[in-house]
Every structure is written in C-alpha cells, then in structure tokens.
Amino acid sequence: MKLNKPLCVLCWLVSIPFALALMALTARGQEQLPAGLNVASIEVHPAAVELKHRFDYRQLLVTGKLSSGEFVDLTRMATMTHSGKAANISADGQVRAAEDGTDEITYTFNNQSVKIPVTVSGVKAPHPVSFVRDVQPLLARMSCNAGTCHGAKEGKAGFKLSLRGYDAIYDHRALTDDIGARRFNRAAPDQSLMLLKATGSIPHVGGVRTDFGHPYYELVREWISQGVKLDLDAPRVTKIEVLPVNPIVPLPGMKQQITVMATFANGEVRDVTREAFIESGNIEVIEANASGVLTTLRRGEAPVLVRYEGAYAATTIICMGDRSGFAWQEPPQNNYIDGLVYKKLQQVKIIPSELCTDDEFVRRVYIDLTGLPPTSPQVKAFLGDSRDSKTKRDALVDALVGNKEYVEHWTNKWADLLQVNRKFLGEEGSIALRNWIKESVASNKPYDQFAEEVLTATGSNLENPPAAYFKVIRDPETLMENTTHLFLAVRFNCNKCHDHPFERWTQDQYYNMSAFFAQIGRKGDPSYAGQNIGGSAVEGAVPLVEVVYDSGSGEVKHLRTGEVAPPTFPYQQEIAPPMATRREQLAKWITSKDNQYFAKSYVNRLWGYLFGPGIIEPIDDIRAGNPASNPELLDALTKDFV
C-alpha cells in the first residue's frame, strides 16, 4: 500500500513530458498561414445565413485576400465567435440550426473581422422528411448503397439496394418489405434494425456508419417515425453548383474548402456539401475529404468532380507553388490561339518556350501533317528560302495540307476509327471503304456531312462503302457505344447495367439511345451469293458483301425493366427531325451545330493528334470530371470550326 502513492506520483511526473510533447504536436498540426503571406482583407460566403428547419445547415467559406492579390481559404484558421444560441457552428465552418431565433457569427483574422447574421426558424415545427430527397442521399453518403456494400450486384449479407440509389422504388421495398418489414420499428424508431446496425449497437459487417444524435441519425429516425413513406413525386435535383470556381491555392500543403449547392425542380436551393461526393481527379496534386476540404500536395493543376443525386459539376484547382522571381513578358501573337495559350500560361505562371528554329519546325510540321519526316531536299529548300520565317512557315503549311502524303496520313487515321479490317470486310470491302475515306479527305468533305453519310448509309457495302460501318458492328448496343464514343467522345458503356457512376448518364438513356440502332437490317448482296466471311466455333459466318437497310421493325428491351425502350436522346431533344428514320434522326441530332459535343470532340481530337495530349485528355473522354485544361481555347476552336 505504501508503494502505490510514490508510484502514482512517479507516473504523473513521467507523463508530463509526454503530455507537453503531445500538446506541441497538436499545436504544430493546426492549420496556419505560411510565412510571407499577408492578408489584406477577409470575406465570408454566404454573407448571411437563413436556416428554415431543424435539419438545415450552411457551410461557410471564409476567404482572405492577400496583399499580392491572391486568395486563401481561412475557414479553419480564422477565429470564430457568435453571440446567440440559435445556431451551432463547427470548427470547420458548418452552421446548423439549434433553436428559433437570431445569431451573429464573427470571424477574425489578423485584426480583420467580418460578421454574418444568422436567422433560424422552424426548429420546433414538424418537418416532413422525404425518402427521395432526404434519406437516399444519406444512404449514399454512409456508403450503404455503394458497390462494395449493399449496392453490389448480389447485395451484402442478404440485403440489396440499387447501386448509388438510382432506383427509389426498389430501395424502398427492400427497406420496408424484406424480412417481414423488421428493419423498421415505427413505434420505437430507435429500435429499428436499420439504426441499430448503422450505429454499431448490434453486429454490422459494414461497421459504424453514424452515431446517436448525429444529424444523419436524427433525419432517418424522423423518417421512420413519420411512417417510412415513399414520395416519388418529391422534387429532384436539376443541377449543382460548386464554389469557389477554379480556385488558385498559393502553396503546396494549403487547403481549400468548397461548398456545394443543389437546385431542385421546385426552385429550392440547399447546401449539400456534406452529402455530395467530392473526388480528386489527380491524387498526386490534391486530395479531398468528406467535408469538402481539398488539400494540395504539390504544384500542379487537377480537376475536382462533385456528384450529388445524379447531378454532376466540376471545378479545377491550381496549386501555384513558389513562383518568386516570376515576371511575365507578353510574347508576340500570330492569332487568337496564341493569345489564349499565353493567357493560361500567365495564369499558372509559366514562361512560354522560345519559338522553335526553322530546322525544328520543318521536321515537326512534316511529321504532324503527313506522318513522314521531310526528305533532305525538302529540308534544304525550306532552310534556303530567303523569306522571313513566318511567311515561309505559313506557305509550307499551305503546301502540305491536301498533298498526297497528307491525304494518305489522315486516311489512315479514319481507317482506324472506322475499323477498315479484312477480317470483317474482306479485301474488296476494305479497299472500297478506305478509298471512300481517302476521297472524303482529298475533297475536304465537311465533317458533319462525312459523319452523316456514315450514320445513314444504306445499300451494298461495296457500292456505298460507309455502309460497312454497320457490317463491322452488328448489335444495337455496341453500335450505340461505339458511335457516341467516336463522334461525341462520350463513354456510354458504363451505364448499361446501372446509372453511370461518374457522369450524368442514366441506365434508361443507354437503352433509349440503343433503340436508334434497333431497326437496321442486313442481307447478303445477290451479286456475291454463296460467298461468306468469318465463321468459327464462337461466331457464325456472314455474307462477304451485305446490303444494309432500314427495316422499320425491331426494338431494344431495357435490361432492368424488360420493357421496350423508346428511342429518345439524352439531351437537346428538339434538334432532331420528327419525321425520319431512326438513323436519320440520330444523324441530324449528332451532327447538329447545337450539339454540345460533336464539334468540340473533333476539335479536341485534332489538337491531340497534332500536339500529343488533347485539351481534354484522353481525347475521347469528355465528361464533367475531366474538364479541359484550357476551356476558353477549346470553346474558341469549336466556334471557329463550326
């Protein structure tokens, strides 16, 4: 007994250094403004907060303007105080309703202060909780319907939900009807199996997904107490907005809070920052957490994809890094392309490379335009030209565009894209299709006409070679995937079995688009009767030469519903002619100048062919989470091309 007290004192004395060390580590771990950055003023977005029910919240964004003109995120660094009890404010700037009344939040940083008025109402009033609008987003945020959990093809542990909640009816039935409706206890909501498992009160392979008293717990609990109702008429999300737009962070290691606002079909706008999925497009440059805080890792530029309930948005974050000594000097410009390229280089503080020499230029331009290096006489002739460099370079480009080697080079490009292949077309069919492509390139056929001739081609694939496109690819779904990929740079294959996980495309749209290819008929050309190509244990032989036609019959059935999918477009329905064959409607829709992807995808493809990486890279992957490296340049080139 006598030893206990000295031992306790000894333990206490020994623990002091460890406690001090821990406190020092904690202090060092707090976010601080790097030395050398001076804040001139601060502002908060939004300037005022209004919360209308007890589950309502807003994410504040505190921004400091530096003396250099740059901006930094001070949300977690500024000192926060508030004068009332109407709201609860977290250390990372989330404001949640506590009780009806008013409040005032003050953020202070280096003697700079800003006040934000807060108004809270409806805390004690009944708030109808919607399964579609409120509960399903929480199930997604807690990963209940993720592909690694109950959203898997066969579900998990006997319980299945639709992947990422794309089927509200299925999910509601799974939650309320399975296992005798024992997942809910309407009389005692806290005893509901759904909440007991999510809080870890009973064994759950998925672990603890929420805690007692957490807003997610309380929201689901309220929905249960209100009778676990299904409200399919609830307004859906129409768009989301991400703020700030394309922020620039001064140095690696600094953080940037973003906010996500969702607009619903009834006009309601809600803060969904904590429920949205925020993902880095380049994990070597930035990483994102569930609260919407982006951490920069090194100098560079990276896209950030944000998704919420089928709506998608993206922003780009630039980590500038130490650019001390950078001084921009405007280079000479030959055209609008130079100006837009220089504008982006100035934004990211990169000095343009020097203009290439004439001997470098002549080699590059020959390889880019003809696929071949210049011959020795061609190099000597160009270098010996006494005209000024710009004049003779322009003249060389004009001479190369359209010459024999140019035509052969770009014919090969399109021969690859349209799959000129003897395995499927035979020798005669391959030669015919390649010659048609070659003639189109040589005659400088307009791109929209070229695409339309491919998509609407009928007749024998020898007499009308672009009809071979429908001989090589034979089923409606594969045709749809290849066509949207080729002419729109949109990858529609990921939404065949479920809604696209990283884009706005839905499973319904997959089958609606496939229906445009469902009425394509093929029959052997009588002139080549008895001649077949292919044929193996895996696939049957087909006529060597086929006649392609619009059959007027044939449909595509939806994989999930088993119902016939009507032919409808995923966007801009009005630009397709109403009275035409399905392929004619499709061709007019794809090639329309109003189609947001057609011209842009080809401009980007050509840029990639000539410069290596595309303005969007990969060159055939246009989506919200893969924004252009220079959007202004791509838009200007697209407008010029149209």
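The values are calculated or read from the model by the stated rules, or taken from the named source; none is laboratory data. Just so it is clear, the structure is predicted and the values come from calculations on it, not from any experiment. We place every Cβ from the backbone using ideal geometry, glycine too, and count neighbours over all the protein chains shown. Heavy atoms of the whole protein, side chains included, go into the accessibility calculation; ligands, DNA and RNA do not. Shrake-Rupley method; radii C 1.70, N 1.55, O 1.52, S 1.80 Å.
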>> For a quick check of your reading of the model, give me the residue pairs whose first member lies in the stretch 165-194 and is small (Gly, Ala, Ser), whose second is loosely packed, with under 13 Cβ neighbours inside 10 Å, with beta-carbon atoms closer than 7 Å and at least 6 apart or on different chains.
In response: Ala168/Leu232
> Could you count how many residues in the stretch 55-85 are at pLDDT 95 or above and either part of a loop (DSSP other than H, G, I, E, B) or closer than 30 Å to Pro128 by Cα (or both)?
Replying inline: 12
>> If a residue must be more than 16 Å from Gln136 (Cβ to Cβ) and either among the hydrophobic types (A, V, I, L, M, F, W, C) or open to solvent by 30 Å² or more (accessible area, probe 1.4 Å) (or both), how many such residues does the stretch 173-194 contain?
In response: 13
> Among (1) closer than 21 Å to Val293 by Cα; (2) surrounded by fewer than 16 Cβ atoms within 10 Å (Cβ to Cβ), where does Lys85 come up short?
Replying inline: (1)
>> Being at pLDDT below 95, over 30 Å from Gly69 (Cα atoms) and not charged (D, E, K, R) is the requirement here; does Gly227 meet it?
In response: yes
> Out of the residues in the stretch 156-172 that are over 12 Å from His498 (Cβ atoms) and of a type in the set (A, V, I, L, M), which is surrounded by the most Cβ atoms within 10 Å (Cβ to Cβ)?
Replying inline: Ala168
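Results for (1) touching a residue at least 24 places away in the same chain (Cβ under 8 Å); (2) open to solvent by 10 Å² or more (accessible area, probe 1.4 Å); (3) in a loop (DSSP other than H, G, I, E, B), shown as yes or no for each residue.
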position	(1), (2), (3)
Thr119	yes, yes, no
Gly122	yes, yes, yes
Ala125	yes, yes, yes
Arg133	yes, yes, no
Leu138	yes, no, no
Ala146	no, yes, yes
Gly151	no, no, yes
Glu154	no, yes, yes
> Is it the case that Glu287 is at pLDDT 95 or above, within 21 Å of Thr148 (Cβ to Cβ) and not in a loop (DSSP other than H, G, I, E, B)?
Replying inline: yes
>> Residues to consider are Ile317, Ile337; find the one that is of a type in the set (A, V, I, L, M) and open to solvent by less than 30 Å² (accessible area, probe 1.4 Å).
In response: Ile317
> Given the conditions (1) of a type in the set (A, V, I, L, M, F, W, C); (2) farther than 28 Å from Leu586 by Cβ; (3) touching a residue at least 12 places away in the same chain (Cβ under 8 Å), and given that Leu417 satisfies all but one, which numbered condition is not satisfied?
Replying inline: (2)
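Residue-by-condition table, conditions (1) modelled with pLDDT under 95; (2) over 25 Å from Cys494 (Cβ atoms); (3) hydrophobic (A, V, I, L, M, F, W, C):
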| residue | (1), (2), (3) |
| --- | --- |
| Ala515 | no, no, yes |
| Tyr549 | no, yes, no |
| Gly552 | yes, yes, no |
| Glu555 | no, no, no |
| Gln572 | yes, no, no |
> Would it be correct to say that Tyr312 is aromatic (Phe, Trp, Tyr) and either at pLDDT 95 or above or on the phi > 0 side of the Ramachandran plot (or both)?
Replying inline: no
> Does the stretch 522-530 include one or more residues that are among the acidic types (Asp, Glu), closer than 30 Å to Phe424 by Cα, open to solvent by less than 30 Å² (accessible area, probe 1.4 Å) and in contact with a strand residue (DSSP E or B) (Cβ under 9 Å, 6 or more places away or on another chain)?
Replying inline: yes
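Here's the yes/no breakdown for (1) part of a loop (DSSP other than H, G, I, E, B); (2) surrounded by fewer than 17 Cβ atoms within 10 Å (Cβ to Cβ):
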| residue | (1), (2) |
| --- | --- |
| Thr561 | yes, yes |
| Pro567 | yes, no |
| Tyr571 | yes, yes |
| Lys588 | no, no |
| Lys593 | yes, yes |
| Gln596 | yes, yes |
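Residues are listed down the side, and each one gets a yes or a no for (1) touching an Asp or Glu at 6+ places or on another chain (Cβ under 6 Å); (2) outside any loop (DSSP other than H, G, I, E, B):
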position	(1), (2)
Asp211	no, no
Tyr216	no, yes
Glu222	no, yes
Ala234	no, no
Lys239	no, yes
Val242	no, yes
Asn246	no, no
Pro252	no, no
Met261	yes, yes
> Would the stretch 514-524 turn up any residue that is assigned to a loop (DSSP other than H, G, I, E, B), of a type outside the set (Phe, Trp, Tyr) and over 30 Å from Arg623 (Cα atoms)?
Replying inline: no
> Tally time: how many residues in the stretch 451-474 are open to solvent by 20 Å² or more (accessible area, probe 1.4 Å), within 33 Å of the chain's Cα centre (by Cα) and hydroxyl-bearing (Ser, Thr, Tyr)?
Replying inline: 1
> When the stretch 263-284 is examined, which residues are found to be surrounded by fewer than 17 Cβ atoms within 10 Å (Cβ to Cβ), part of a loop (DSSP other than H, G, I, E, B) and in contact (Cβ under 8 Å) with a residue 24 or more places away in the chain?
Replying inline: Ala265, Asn266, Glu268
>> Quick check on my filter: what residues within the stretch 603-635 are part of a helix (DSSP H, G or I) and either among the acidic types (Asp, Glu) or open to solvent by 30 Å² or more (accessible area, probe 1.4 Å) (or both)?
In response: Leu606, Trp607, Tyr609, Leu610, Phe611, Pro631, Glu632, Asp635
>> Can you tell me which of (1) aliphatic (A, V, I, L, M); (2) more than 18 Å from Pro526 (Cα to Cα); (3) buried (at least 21 other Cβ atoms within 10 Å of the Cβ); (4) touching a strand residue (DSSP E or B) at 6+ places or on another chain (Cβ under 9 Å) is the one Leu433 doesn't meet?
In response: (4)
>> Quick check on Thr483: is it more than 30 Å from Thr238 (Cβ to Cβ) and modelled with pLDDT of 95 or more?
In response: no
> If we scan the stretch 500-515, do we find a residue that is open to solvent by 40 Å² or more (accessible area, probe 1.4 Å), of a type in the set (Gly, Ala, Ser) and over 21 Å from Gly165 (Cβ atoms)?
Replying inline: no
> Looking at the stretch 250-261, is at least one residue open to solvent by less than 40 Å² (accessible area, probe 1.4 Å), under 19 Å from Leu51 (Cα atoms) and under 16 Å from the mean Cα position of the chain (by Cα)?
Replying inline: yes
> Name the residues in the stretch 90-117 that are in contact (Cβ under 8 Å) with a residue 24 or more places away in the chain and among the hydrophobic types (A, V, I, L, M, F, W, C), would you?
Replying inline: Val95, Ala97, Ala98, Ile105, Phe109, Val114, Ile116
